[in-house]
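Read through the structure below, which is laid out as structure tokens, and then see the notes.
The values are calculated or read from the model by the stated rules, or taken from the named source; none is laboratory data. What you see is a predicted model; the values in this text were computed from it and never measured. Positions of Cβ are generated from backbone atoms using ideal geometry, with glycine treated the same way; all protein chains shown enter the neighbour counts.
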């Protein structure tokens, strides 16, 4: 083969040529690469050094994002870190409460009871406390919307006004659907609106209305009102299914009065309370004598009671005395003995039952004494029958537009689905709701109203008793008060605040004589929050109208299972479903949160192998079971207010909605069903039960006695206390508290177990919501819990409530076991927690015999897994700046609201005076609706707490352990015959 | 020639000193057997899973475990006490048998001590992990600080725990290590590879075997042994005060310190037995770990088991005798006949009854039965700790607080991880460290006739 060569070198030494060639190529490439990278070692060091230095500088310069903007000109009354209190008014879900709003750095952070209110008298309910969190709810609308798209107010107003005018000319009705309106100025605005649009039909709708009472009183007294019930004046209280301490009409007011009538620290007498009901309600749990009966039997029972009272009053009894399920002889006798100081109430929505109740109260002469008409309750004005008319009109196409304010019939009406479909087709549908909900979801326009803490307003919960609502914060979002919206659509520009003032100047100012000028009157009322006109006493004439029919009426046939629908103590009628505080509040009786459940009778459950968390179907609806001691045989109770589908991230799809099962008879909604089909399934459903053992096992935990025994010996039932005191010996020097020595007394006789404190405390102390799974894991964070024990017969148990918070033991077992001394004792007797010292060994939790210490099992704030209230800037606005937000891995517990103690101590120091007794009120004490909690200085012999600690009823929980708690409990006294 | 047939030889096979060295070092020199790799990889897998679970715990929080507001301590503390108990054996073995002049211990003490060190390491993981904020564990050290007069709480049993365990770990590790120095020197001298020579040489501290060194060595052993003897008793007594000092029914008992110490030795000896039977079977160490060794340990176990039974019965009696309703409820209605009856009876049967089988020679002879019983005791002792920790917490004073506890898979994973760590540690010990103390066992070698090879070996010929 011929060999070709490229150069002489190749020809001479082809091998070497190849090598040289390759080397040259490599060198060339290497040079190129170097050039490309453009970096030598020196370059690398330069870059490295610069970037490190740069990174260090950047990192060290990083500043946290400050969202606080300093005041350019400081408002007069705002001092950073100092709280101001503004009186205001809560009225939502038919519940009224006069409140004080604690505002710190421009944010409302706590709601307190207003002691000046003659109605709620410093009490609040769990819902009132939790309503604060609704202000910072992520589910709130950011601004007006049309079909889910934001639209400016001007456009919305133009469209709605045009639509209203069109409808007015077309002759179709426009329905203004509101819940009960207790604001007198709003009433005049609505009237003004109706003047412009005469076809507007103002319809009031309440999910749980008082139709029965209103109708019965219309018949008996010629006036459809709810009278004023005086539970404090009654010596005998008989309730037929009315949960007046939990949900019925005005529970806060009634709880105050009820507790007052049974307060043994002030008087030596107490009322006796009889309760007839199917499921064990909060009120039934507090009753002295409770009869589990089917709801269908109530009519019969009332008839019999009426007949017996007639007999003992020498009147001829009415006909129709059937077989009595309960022996009423003793009750009738007792009522007769206490004629004029008895009180009979019924929770039924059937006017016939209410007529019988009226007749009984009339027979006993209770009217004018325990029941008066001088200040009728105005919080439930709606009539179911009227709403039924509306439904017919809506279905018939007579309605052209609906404006919803504070109502959610798509969710809470039995025919919600039908209403939704009809609303969707309307030419005009407007909602004033401030957050997403089922009805708003089907409305075309959303004109969000501000939260009540952002609003002006007034209220007249009871005739002649007024209160004012004032904004405690600037509107967070683009909202507008419905009053202004309505007037705008009526063609008038109205500033509602101005309107309100003018209204008060015109209507209320002339009726008082205390102030000469309106400004003073206004400012004074605004400051106090309440204003009361003297009661107009106009006794109403009694008529027996309808009574005969009621007596002759046949009750519903009692066949098979009966399902009782109740309002839940935590959620009410379901309005607040997106409120995690309320969702996490355990039901006072069942101690279950985050779900509703079917309460079934014990005996049936045992016979059928049904246990807690079994699933049964009720008319096809699947519900988890709670085996409820005291549940009447053949009845099942389920709470309403659950199963919301459009409520927000927290409240969606929790529990089951029972409203669709609710029967409507003659336009009136009934709260029980007969002949219910109950079937067992093999399914299980986890429930967040926060107390699983219900017996005290004979331990002296809640000490109780009978009223008779207490009268003879005030230490009755508390004999152990003296024994333990006499055995108290110690090797150690007795601790001395030279300044203050804080203590708390819990009157177990007053505590009704409502759970107000369990929500007031998280609001004050930044306690985090942990969610259903963690509650089920028994990791609820509540610092104050209410233990509930059953005793005696499971078919009809006695119930004891016991609030348990940190006992602040002077010989605290938790303190000496902490290896890092994170929980020391203060020289004022407080057991303190140093969160930043705690390493989380949890030894203190184990060694606390009361188990009041709580561990932060996870990071509960700013954690996607706990997406409740503290996962957004908005939600975290509720945090109290005086209290540390605890991190993961530390132990926390009740501090006796040490921040409040310090605050008042400083105030007293600045003012150069000693602290006054009762000046310091921890969050739980402040708003307790039954005044069960008292806080004070045990070193002051004149203080209320010292007197209570010396009360013969006082004892300490587990005092035999010599932990020397600073919390004392006063024995529970039941007004029962035997001791 | 004088024969010591009465006590019998402690080493079978009439081995020369050289043979002893060679046979004991053989596994280190030999190729790693396949089962070792299998077991080692498995244990590493377990450890890896455990580490993952620890990672989950540390990153998400103690909520990853099954604990709650009523039961603040769960498997972590059960396992901690269990491991600490196992960690007792090595030192107890060496010290108590040394005091009692039981020469047969020489065949076993090295393995027992190794086990101690690994077990204490496993145990020490738990107090750290179960803290809510483990990154602040140094708060528990009594160090001078700038936080004013803030000091640790000297009243807290957890602080005593920390002191006791760290002291114990330090002493038992030193005791074990210094005991190995002559053996490391032996390996160094025999090793062929340079790396091995260097590594073992480093650990051998330049040991030459001179008389002066032996003198110092023995002196040090006695001093460390003396300290360790006290610590063996103190460490578990102190662990028991975690419970005894509290107010909880079922915890607040004065019997706890001795009861815990005995229990610890019991579980430790059972674990030694488990390991030694395995070691004998896997490495054919029958000549060193003879039937009489197994027999002796079994006899000790009978004795301790009787003490355990007595302790259990005493606890029950005192609960009744105290008249405290909380205590009685705890013992009778929670443990014996209650919700936790299974755990109680598992503990009682495994610890107090099953070991009584060792009364029978036939049982003691059969290695697999001995192995089985030793494992049962280990499980029983775990249940004892479960009984103490969990039952007391779940049914204490206020019935409203009563709650149940079951571990989450993460907790189980952490435990699996420590088991993996333990097995891996023991396997490494088998592989790289003479599993029997060569120098010590040589001292108990007895011969009926003079051995020429000894003279040769020591350079006399």
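Can you give me the number of residues within segment B:192-218 that are part of a loop (DSSP other than H, G, I, E, B) and free of Cβ contacts under 8 Å to residues at least 24 places away in the same chain? So that I can check it myself, show each step before the final result.
Here is the first cut: in segment B:192-218, the ones part of a loop (DSSP other than H, G, I, E, B) are B:192-193, B:204-210.
Applying the additional criterion that residues be free of Cβ contacts under 8 Å to residues at least 24 places away in the same chain yields B:192-193, B:204, B:206, B:208, B:210.
So the count comes out to 6.
To keep it simple, each residue is scored yes or no on (1) in contact (Cβ under 8 Å) with a residue 12 or more places away in the chain; (2) closer than 18 Å to residue B:388 by Cα; (3) surrounded by fewer than 24 Cβ atoms within 10 Å (Cβ to Cβ); (4) within 14 Å of another protein chain (Cβ to nearest Cβ).
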{"position": "B:236", "(1), (2), (3), (4)": "yes, yes, no, no"}
{"position": "B:245", "(1), (2), (3), (4)": "yes, yes, yes, yes"}
{"position": "B:260", "(1), (2), (3), (4)": "yes, yes, no, no"}
{"position": "B:267", "(1), (2), (3), (4)": "yes, yes, no, no"}
{"position": "B:272", "(1), (2), (3), (4)": "yes, no, no, no"}
{"position": "B:277", "(1), (2), (3), (4)": "yes, no, yes, no"}
{"position": "B:280", "(1), (2), (3), (4)": "yes, no, yes, no"}
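Exactly one residue out of B:178, B:162, B:137 is outside any loop (DSSP other than H, G, I, E, B), at the interface with another protein chain (Cβ under 8 Å from one of its Cβ atoms), in contact with a helix residue (DSSP H, G or I) (Cβ under 7 Å, 6 or more places away or on another chain) and surrounded by fewer than 19 Cβ atoms within 10 Å (Cβ to Cβ): that is B:137. Looking only at segment A:770-809, residues that are over 13 Å from residue A:695 (Cα atoms), more than 12 Å from chain B (Cβ to nearest Cβ) and surrounded by 22 or more Cβ atoms within 10 Å (Cβ to Cβ) come to 4 in all.
Just one of the numbered conditions (1) surrounded by fewer than 20 Cβ atoms within 10 Å (Cβ to Cβ); (2) touching a helix residue (DSSP H, G or I) at 6+ places or on another chain (Cβ under 6 Å) is not true of residue A:977: (2).
Would you point out which residue out of B:96, B:154, B:80 is surrounded by fewer than 23 Cβ atoms within 10 Å (Cβ to Cβ) and within 14 Å of chain A (Cβ to nearest Cβ)?
Values: B:96 fails: within 14 Å of chain A (Cβ to nearest Cβ); B:80 fails: surrounded by fewer than 23 Cβ atoms within 10 Å (Cβ to Cβ).
Exactly one residue qualifies, and that residue is B:154.
The set of residues in segment B:198-234 being touching a helix residue (DSSP H, G or I) at 6+ places or on another chain (Cβ under 8 Å), over 26 Å from residue B:92 (Cβ atoms) and surrounded by 15 or more Cβ atoms within 10 Å (Cβ to Cβ) consists of B:200, B:201, B:204, B:207.
Does segment A:292-300 include one or more residues that are in a loop (DSSP other than H, G, I, E, B) and either in contact with a strand residue (DSSP E or B) (Cβ under 9 Å, 6 or more places away or on another chain) or surrounded by fewer than 19 Cβ atoms within 10 Å (Cβ to Cβ) (or both)? Scanning segment A:292-300, I find at least one residue that is in a loop (DSSP other than H, G, I, E, B) and either in contact with a strand residue (DSSP E or B) (Cβ under 9 Å, 6 or more places away or on another chain) or surrounded by fewer than 19 Cβ atoms within 10 Å (Cβ to Cβ) (or both), so the answer is yes. The single residue among A:247, A:265 that is assigned to a loop (DSSP other than H, G, I, E, B), buried (at least 24 other Cβ atoms within 10 Å of the Cβ) and in the same structural domain as residue A:324 (by TED's automatic domain parsing) turns out to be A:247.
Take residue A:934 and decide whether it is closer than 27 Å to residue A:110 by Cα, in contact (Cβ under 8 Å) with a residue 40 or more places away in the chain, away from chain B (no Cβ under 14 Å) and surrounded by 16 or more Cβ atoms within 10 Å (Cβ to Cβ). Taking the combined requirement at face value, the residue satisfies it. Inspection of segment A:608-619 identifies at least one residue that is closer than 19 Å to residue A:670 by Cα and outside the structural domain of residue A:252 (by TED's automatic domain parsing).
Has segment A:124-132 got at least one residue that is closer than 18 Å to residue A:449 by Cβ and either in a helix (DSSP H, G or I) or not assigned by TED's automatic domain parsing to the domain that holds residue A:454 (or both)? Yes, the conditions are met somewhere in segment A:124-132.
Taking segment B:321-440 as the region of interest, the helices (runs of 4 or more DSSP H) fully inside it that hold 3 or more residues being more than 14 Å from chain A (Cβ to nearest Cβ) are B:341-348, B:361-365, B:367-386, B:409-432.
Out of B:101, B:110, I need the residue that is within 30 Å of residue B:285 (Cα to Cα) and assigned to a helix (DSSP H, G or I). Which one?
Numbers: B:101 fails: assigned to a helix (DSSP H, G or I).
Of the residues listed, the single one that is within 30 Å of residue B:285 (Cα to Cα) and assigned to a helix (DSSP H, G or I) is B:110.
Among the residues making up segment A:839-853, those that are in a loop (DSSP other than H, G, I, E, B) and at the interface with another protein chain (Cβ under 7 Å from one of its Cβ atoms) are A:839, A:840, A:841, A:842, A:849, A:850, A:851. Starting from residues that are surrounded by fewer than 12 Cβ atoms within 10 Å (Cβ to Cβ) and either without any contact (Cβ under 8 Å) to a residue 12 or more places away in the chain or outside the structural domain of residue A:189 (by TED's automatic domain parsing) (or both), keep the ones in segment A:507-518 and report whichever is nearest to residue A:192 (Cα to Cα). Checked segment A:507-518; the qualifying residue nearest to residue A:192 (Cα to Cα) is A:510. Among the residues of segment A:752-762, at least one is in contact (Cβ under 8 Å) with a residue 24 or more places away in the chain and farther than 29 Å from residue A:867 by Cβ. Does segment B:42-52 contain at least one residue that is out of contact with any helix residue (DSSP H, G or I) (no Cβ under 8 Å at 6 or more places or on another chain) and more than 10 Å from chain A (Cβ to nearest Cβ)? The answer is no, given that none of the residues of segment B:42-52 is out of contact with any helix residue (DSSP H, G or I) (no Cβ under 8 Å at 6 or more places or on another chain) and more than 10 Å from chain A (Cβ to nearest Cβ).
Which of the residues belonging to segment A:810-820 are farther than 16 Å from residue B:245 by Cα and at the interface with another protein chain (Cβ under 10 Å from one of its Cβ atoms)? Steps first, answer last, please.
From segment A:810-820, those farther than 16 Å from residue B:245 by Cα are A:810, A:820; that's our starting set.
Within segment A:810-820, just A:820 meets the criteria.
Within segment A:860-893, the residues that satisfy the criterion of being within 13 Å of chain B (Cβ to nearest Cβ) and in contact (Cβ under 8 Å) with a residue 40 or more places away in the chain are A:860, A:861, A:866, A:886, A:887, A:889, A:890, A:891, A:892, A:893.
Listed by position, the strands (runs of 3 or more DSSP E) enclosed by segment A:656-738 that each have at least 2 residues that are loosely packed, with under 13 Cβ neighbours inside 10 Å and more than 14 Å from every other protein chain (Cβ to nearest Cβ) are A:678-684. Would you check if residue A:528 is within 33 Å of the chain's Cα centre (by Cα) and assigned by TED's automatic domain parsing to the domain that holds residue A:434? Considered against the rule, which asks whether it is within 33 Å of the chain's Cα centre (by Cα) and assigned by TED's automatic domain parsing to the domain that holds residue A:434, residue A:528 comes out as yes.
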